Every structure is written in structure tokens, then in C-alpha cells.
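Let me begin by presenting the structure, written as C-alpha cells, before commenting on it.
The values are calculated or read from the model by the stated rules, or taken from the named source; none is laboratory data. As the structure is a computational prediction, the values presented were derived from the model and not from experiment. Cβ atoms come from the backbone with ideal geometry, glycine included; neighbour counts cover every protein chain shown. Just the protein is used for accessible areas: all its heavy atoms, side chains included, with ligands, DNA and RNA removed. Shrake-Rupley method; radii C 1.70, N 1.55, O 1.52, S 1.80 Å.
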Amino acid sequence: MLTVQIDEAEVREEIRRRVAEKLKEADTELVFWDAKELMRRTCMSWNFIQQQFFFDPRFPKFKIGNKWYFPARETREFLLRWLKEQRRS
């Protein structure tokens with residue numbers, strides 16, 4: 001027979017540390033991406049992005065001056081939908 005003893009206070013502290021870490025990660029998430037961040041996040045070149053989905057009217061984008069900006073959450077959601085659609089093509 002095997003008996004395991006767990007220090008409940010230590011388990012609570014570990015859970016607290018992990019939750020705090022995840023909250024900190026969520027807090028540092030970018031609000032928007034620029035073209036360089038979009039290319040980094042997708043591992044795609046700018047030309048490939050333009051050929052594949054940039055001109056899709058559903059793709060969220062804003063041009064301010066000479067620079068493009070993409071709302072992070074909406075862009076991520078679009079990219080996941082777009083990727084799933086590619087399986088059907």
C-alpha cells in the first residue's frame with residue numbers, strides 16, 4: 001500500500017503562482033499588431049499574406065499614415081477561421 005501526503009498550503013501557493021503568471025501573460029498581450037508582428041505571428045511573408053487573405057473584406061485592418069495596424073484578438077480569430085477554410089479548398 002502506498003500513502004501520499006500533500007502539503008495543501010504548498011499546493012495552494014503553486015496554484016496561486018501559476019494563475020498570477022497566466023494573468024500577467026494575458027495582461028501583456030498586444031492590443032494590435034503591425035505588419036512586422038503579423039508576419040512574425042503567421043510565419044508568412046508580406047507578399048504571401050497579400051496574396052492569401054489581406055484583401056479579404058473580413059480581414060480586420062486599419063491604415064494610419066503609411067502603416068497598417070491589425071487588432072490582435074480579431075486578427076487571431078480571423079486567421080484561425082481562414083486556416084480552417086483552407087482545408088476545404
Fill in: Helix-derived mean residue ellipticity, 222 nm - over the chain, DSSP H n ≥ 4, -39500 (n - 2.57), to 500
-17000 deg cm²/dmol
Item to complete: Check cross-link reach from Lys84 to the aspartates and glutamates: straight Cα distance under 19 Å, and skip same-chain residues fewer than eight apart.
Response: Asp56, Glu74
Worksheet item: Can you tell which of Trp33, Phe48, Val19 lies farthest toward the positive end of the dipole of segment 6-78, using +1 and -1 charges on the Cβ of basic and acidic side chains (Lys, Arg; Asp, Glu)?
Response: Phe48
Worksheet entry | Length-normalised contact order for the chain - Cα pairs under 8 Å, 6+ apart - percent | 27
Discussion item. So with the 1.4 Å probe, I'd like the accessible area per residue for segment 1-60, rounded to whole Å².
Written reply: 88
Item to complete: Would you mind calculating the gained length between Arg81 and Met1 on full extension (0.36 nm times residue separation, minus the Cα-Cα distance), in nm to one decimal?
Response: 23.7 nm
Worksheet item: Label Trp46 and Val11 with points 7 Å out from Cα along Cα→Cβ: what is the distance between them in nm?
Response: 5.4
Discussion item. How tilted is helix 8-27 with respect to the longest principal axis of the chain? Cα atoms for both, answer in degrees (0 to 90, nearest 10).
Written reply: 10
Worksheet item: What does the highest-first list of 52-64, 7-19 look like by mean Cβ count within 10 Å?
Response: 52-64, 7-19
Discussion item. I'd like the carbon and sulfur percentage of the solvent accessible area for segment 3-74, probe radius 1.4 Å, heavy atoms only, ligands and nucleic acids excluded.
Written reply: 55
Discussion item. Here are a few candidate values for percent of Cα pairs over 16 Å apart: [x] 48; [y] 56; [z] 66. Which one was actually calculated from the structure I just gave you?
Written reply: [z]
Worksheet item: Local charge sum around Ile6 (other residues, Cβ-Cβ under 13 Å, Lys/Arg +1, Asp/Glu -1)?
Response: -4
Item to complete: Return one number: the angle in degrees, 0 to 90 and rounded to the nearest 10, between the long axis of the Cα atoms of helix 72-88 and the longest principal axis of the Cα atoms of the chain.
Response: 80
Fill in: Cα→Cβ-extended label distance, 7 Å offset, between Asp56 and Val31, nm
2.6
